[in-house]
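The values are calculated or read from the model by the stated rules, or taken from the named source; none is laboratory data. Predicted, not measured: the structure shown is a model, and the values here were computed from it. Backbone-built Cβ (ideal geometry, glycine too); neighbour counts: all protein chains shown.
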Amino acid sequence: MSDRPDPLAWIDDKLRTLDARGLLRRPTVRESSQGPEIVVDGRRLVNFGSNDYLNLAADPRLAAAARTALDEGGWGAGASPLVTGRSKWHARLEERLAEFNRAEAALVFSSGFAANSATIAALVGAGDAVFSDERNHASIIDGCRLSRADAIVYRHADAAHLDELLATHRSNGKRLIVTDTVFSMDGDAAPLVDIAATARRRGAMLMFDEAHATGVFGASGRGLAEALGVCDAVDVHVGTLSKALGCAGGFVTGSRRLIDWLYNRARAYVFSTAPPDALCAAACAALDVVRDEPERRVELLAKAERLRTALTAQGWDTGRSSTQIVPIVVGEATTTIALAERLRKRGLFVPGIRPPTVPLGQSLLRVSLTAGHTDEHAARLVAALGDLRAEYASRV
């Protein structure tokens with residue numbers, strides 16, 4: 001055996017500390033396809049943990065499209081898009097996304113995280129300023145850090161505070177405002193109309209991340225900006241293929257010059273192998289469903305409203321949710337995990353969300369509804385939470 005001291009020994013204490021605070025994550029295995037019901041570690045559960053909002057992840061039409069592309073071109077792209085990785089399927093998907101968002105051009109990234117972090121870092125740098133909502137996704141936060149621009153955080157969903165910061169922050173460089181449109185843990189919506197007006201008044205670039213809104217909001221499913229009529233105010237529109245579209249990857253749409261710039265300067269695009277053709281083909285099929293079956297998103301949002309009403313009547317705090325994401329604010333991490341475990345024993349998978357995903361003292365159960373959930377699924381959840389409410393009332 002080596003006499004060399006273990007340089008990773010410090011991790012043991014850190015893991016024990018996380019465990020004692022109810023913050024330790026342990027891997028699980030899903031043994032079924034994604035859907036409203038899943039098998040996890042050998043047990044069938046009603047799945048309220050997925051972002052598969054339109055229930056497309058296991059849709060046979062997406063699988064058939066992927067299979068066609070797989071038969072044509074194999075699996076791996078083999079190279080960066082700038083070398084030989086970009087195929088006709090990538091070009092086709094980018095054309096479809098640009099058409100979908102009524103933009104001049106689009107660019108597909110390997111993930112939504114990469115799309116956000118790389119785009120921000122390509123748009124602003126040292127000497128510039130980026131204004132970010134305090135509840136923005138980690139990919140936005142990391143993009144701000146990577147950019148080396150001054151990162152200025154405004155209060156959550158507070159357009160007036162954003163305006164104050166823009167008015168007082170003096171900079172000769174570029175200024176970028178970036179926000180999620182639907183916030184992934186709280187299920188609430190950014191005040192896009194006010195933010196768009198602020199960006200216009202202050203002469204700042206405006207970037208919306210529609211990850212949790214694409215396919216769900218708007219007459220054609222383009223997102224919350226479409227629903228609120230502010231698409232024309234958005235300079236940089238980010239979305240994901242991995243949630244309502246049931247695939248994987250992220251994308252940016254906008255002007256031709258924006259996309260040309262990102263093609264040359266977005267490092268996570270330039271230096272990553274292109275996604276497989278099969279993924280791009282499946283995403284094109286998903287866009288067909290979004291176009292042809294608007295009832296999926298209409299019924300989904302109606303379901304969410306009924307669930308919020310039922311849970312609020314039981315005394316649960318669902319925050320400011322107005323979307324398909326319905327949080328149950330608990331507070332302490334240990335209580336949150338205990339509730340999640342009790343629900344799992346009743347055949348319901350509802351993830352407990354803890355720091356660092358949410359701030360300390362704001363742990364929650366995150367209920368994520370999809371078009372595949374039935375009224376029976378929702379009724380089971382409401383009944384179980386009704387029983388637990390009485391038991392845990394003094395601790396929530």
Can you tell me which of VAL108, VAL83, VAL130 is outside any loop (DSSP other than H, G, I, E, B), closer than 24 Å to ARG257 by Cβ and in contact with a His (Cβ under 7 Å, 6 or more places away or on another chain)?
-> VAL108
Do you know which residues across region 264-273 are among the aromatic types (Phe, Trp, Tyr) and either touching a Phe, Trp or Tyr at 6+ places or on another chain (Cβ under 7 Å) or not assigned by TED's automatic domain parsing to the domain that holds VAL124 (or both)?
-> TYR269
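Conditions (1) surrounded by fewer than 21 Cβ atoms within 10 Å (Cβ to Cβ); (2) closer than 19 Å to PRO359 by Cα; (3) more than 20 Å from the chain's Cα centre (by Cα); (4) not small (Gly, Ala, Ser), marked per residue:
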position: VAL124; (1), (2), (3), (4): no, no, yes, yes
position: GLY173; (1), (2), (3), (4): yes, no, yes, no
position: THR179; (1), (2), (3), (4): no, yes, no, yes
position: ASP188; (1), (2), (3), (4): yes, yes, no, yes
position: ALA199; (1), (2), (3), (4): no, no, yes, no
Would you call ILE195 surrounded by fewer than 23 Cβ atoms within 10 Å (Cβ to Cβ) and either on the phi < 0 side of the Ramachandran plot or among the aliphatic types (A, V, I, L, M) (or both)?
-> no
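Each row is one residue, and each column tells you yes or no for (1) in the same structural domain as ALA285 (by TED's automatic domain parsing); (2) buried (at least 17 other Cβ atoms within 10 Å of the Cβ).
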| residue | (1), (2) |
| --- | --- |
| PRO27 | no, no |
| VAL39 | no, no |
| ARG44 | no, no |
| ALA65 | yes, yes |
| ALA69 | yes, yes |
| TRP75 | yes, no |
| ALA79 | yes, no |
| LEU82 | yes, no |
| LYS88 | yes, no |
Say whether the condition of being surrounded by fewer than 18 Cβ atoms within 10 Å (Cβ to Cβ) and either touching a Lys or Arg at 6+ places or on another chain (Cβ under 7 Å) or in contact (Cβ under 8 Å) with a residue 60 or more places away in the chain (or both) is met by at least one residue in region 1-16.
-> no
Per the filter on region 17-33, residues without any contact (Cβ under 8 Å) to a residue 60 or more places away in the chain and part of a loop (DSSP other than H, G, I, E, B) are LEU24, ARG25, ARG26, PRO27, THR28, VAL29, GLU31, SER32, SER33
Out of all the residues in region 285-303, is one or more out of contact with any helix residue (DSSP H, G or I) (no Cβ under 7 Å at 6 or more places or on another chain) and of a type in the set (Gly, Ala, Ser)?
-> yes
